[in-house]
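A.B. asks: Shown below is the structure under consideration.
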Amino acid sequence: MSTPQWIAATSGQPPLAAQINQFLGTHAITYVYTGAAFSSQTTAGSGTVNSNGQWIAQSFTTGASTGSLGRVAPVLAVTGFPAPLTVQIRTNNAGAPSGTVLVSTVIPPNWGNASPAAQSIPLPVAALSPSTTYWLVMQPTGDASNFFAFSKSNQVAGASTSSDGTSWSAQAYGLMYTAYDQTAAAPLVHTWEDAGARITALATNANATPGALEEYTVGQGSGQYVYSYRTFGYSGTTLTSLA
């Protein structure tokens with residue numbers, strides 16, 4: 001059975017009959033675990049670069065034995081409430097992002113905080129070439145009061161910006177990030193369903209119990225989505241609440 005088209009609910013809108021069809025078929029899902037870090041820039045530099053009016057990209061290189069990507073965790077903050085951010089992995093073309101998109105994920109502004117922090121984003125790619133450069137690419141979103149801000153690292157190269165996503169200008173800084181492969185070792189960090197139409201982030205407590213669950217599902221209108229954040233309460237190791 002092929003998966004039917006479906007639409008998500010919209011905040012403030014009464015339920016529609018067509019919305020139930022999302023349960024009528026198999027939904028392709030990728031489980032993204034913690035993985036092994038293979039590329040990173042984790043030492044802070046000075047300043048940030050924001051998503052208002054420009055494409056932002058950061059290069060990374062796979063290890064000699066790296067064959068997959070599970071997730072990338074850039075250090076970002078959110079100012080105001082911008083529209084959802086599209087994040088891509090692209091191949092390299094002469095030291096800049098090419099037009100070839102390997103995977104794309106959309107995250108809501110709820111995914112970040114007012115203060116900079118590493119935010120894990122599921123971007124599963126099953127087959128990458130070892131010792132090869134790829135690009136983490138963020139599309140423009142927001143305005144002067146509402147935007148995603150990415151923290152610069154202490155590197156003097158690695159990042160590029162663009163006004164159109166095609167012609168790129170290399171910058172004299174890098175961005176802070178960590179890239180992880182698809183090593184299937186607990187704990188589970190994300191689920192990535194229907195090519196990113198629904199994604200989750202799962203936080204795990206020190207005793208390996210779930211601590212919080214963050215969910216994002218695209219809506220049927222441009223920029224519309226459904227978002228939820230729930231925390232798990234325990235008495236010892238016994239689950240007692242879900243709020």
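The values are calculated or read from the model by the stated rules, or taken from the named source; none is laboratory data. What you are looking at is a predicted structure, and each value in this text was computed from that prediction instead of being measured. So basically every Cβ, Gly included, is an ideal-geometry build from the backbone, and we count neighbours across all protein chains shown.
A.B. asks: Go through the stretch 190-229 and give me each residue that's hydroxyl-bearing (Ser, Thr, Tyr) and touching a residue at least 12 places away in the same chain (Cβ under 8 Å). Talk me through it step by step, then tell me what you get.
C.D. replies: Looking only at the stretch 190-229, we keep the residues that are hydroxyl-bearing (Ser, Thr, Tyr), and these are 191, 200, 204, 209, 216-217, 222, 225, 227-229.
Across the stretch 190-229, the qualifying residues are THR191, THR200, THR204, THR209, TYR216, THR217, TYR225, TYR227, SER228, TYR229.
A.B. asks: Search the stretch 190-231 for residues being modelled with pLDDT of 90 or more and aromatic (Phe, Trp, Tyr), and hand back the single one that is surrounded by the fewest Cβ atoms within 10 Å (Cβ to Cβ).
C.D. replies: TYR229
A.B. asks: I've got another one for you. Can you tell me which residue in the stretch 99-127 is surrounded by the most Cβ atoms within 10 Å (Cβ to Cβ), limited to those that are closer than 17 Å to PRO82 by Cα and small (Gly, Ala, Ser)?
C.D. replies: Among those residues, the one meeting the criterion is GLY112.
A.B. asks: Working only within the stretch 211-243, note down all residues that are part of a strand (DSSP E or B) and either closer than 20 Å to SER104 by Cα or in contact with a helix residue (DSSP H, G or I) (Cβ under 8 Å, 6 or more places away or on another chain) (or both). Explain how you work it out, then say what you get.
C.D. replies: Narrowing the stretch 211-243 to residues part of a strand (DSSP E or B): 211-218, 225-235, 238-242.
Selection gives GLU214, GLU215, TYR216, THR217, VAL218, TYR225, VAL226, TYR227, TYR229.
A.B. asks: Now for a separate question. Scan the stretch 145-157 for residues that are of a type in the set (A, V, I, L, M) and in a strand (DSSP E or B) and jot them down. Walk me through how you get there before you give the answer.
C.D. replies: Taking the stretch 145-157 first, the residues of a type in the set (A, V, I, L, M) are 149, 156-157.
The one that is of a type in the set (A, V, I, L, M) and in a strand (DSSP E or B): ALA149.
A.B. asks: Another question, then. Here are some conditions: (1) surrounded by fewer than 16 Cβ atoms within 10 Å (Cβ to Cβ); (2) in contact (Cβ under 8 Å) with a residue 60 or more places away in the chain; (3) closer than 28 Å to TYR227 by Cα. PRO82 meets all but one. Which one does it not meet?
C.D. replies: (1)
A.B. asks: Right, something else. Could you check the stretch 90-144 and list, in sequence order, the residues that are aliphatic (A, V, I, L, M), outside any strand (DSSP E or B) and farther than 25 Å from ALA172 by Cα? Reasoning before the result, please.
C.D. replies: Just the residues of the stretch 90-144 that are aliphatic (A, V, I, L, M), to begin with: 94, 96, 101-103, 106-107, 114, 117-118, 121, 123, 125-128, 136-138, 144.
Subsequent filtering for residues that are outside any strand (DSSP E or B) retains 94, 114, 126-128, 144.
Scanning the stretch 90-144 gives ALA114, ALA126, ALA127, LEU128.
A.B. asks: For TYR234, indicate whether it is surrounded by 13 or more Cβ atoms within 10 Å (Cβ to Cβ) and farther than 25 Å from LEU123 by Cβ. Break it down into steps so the answer makes sense when it comes.
C.D. replies: Details: surrounded by 13 or more Cβ atoms within 10 Å (Cβ to Cβ): yes; farther than 25 Å from LEU123 by Cβ: yes.
Yes.
A.B. asks: Of the residues ALA208, ALA195, which single one is part of a helix (DSSP H, G or I), of a type in the set (Gly, Ala, Ser) and at positive phi?
C.D. replies: Values: ALA208 fails: part of a helix (DSSP H, G or I).
So the residue among ALA208, ALA195 that is part of a helix (DSSP H, G or I), of a type in the set (Gly, Ala, Ser) and at positive phi is ALA195.
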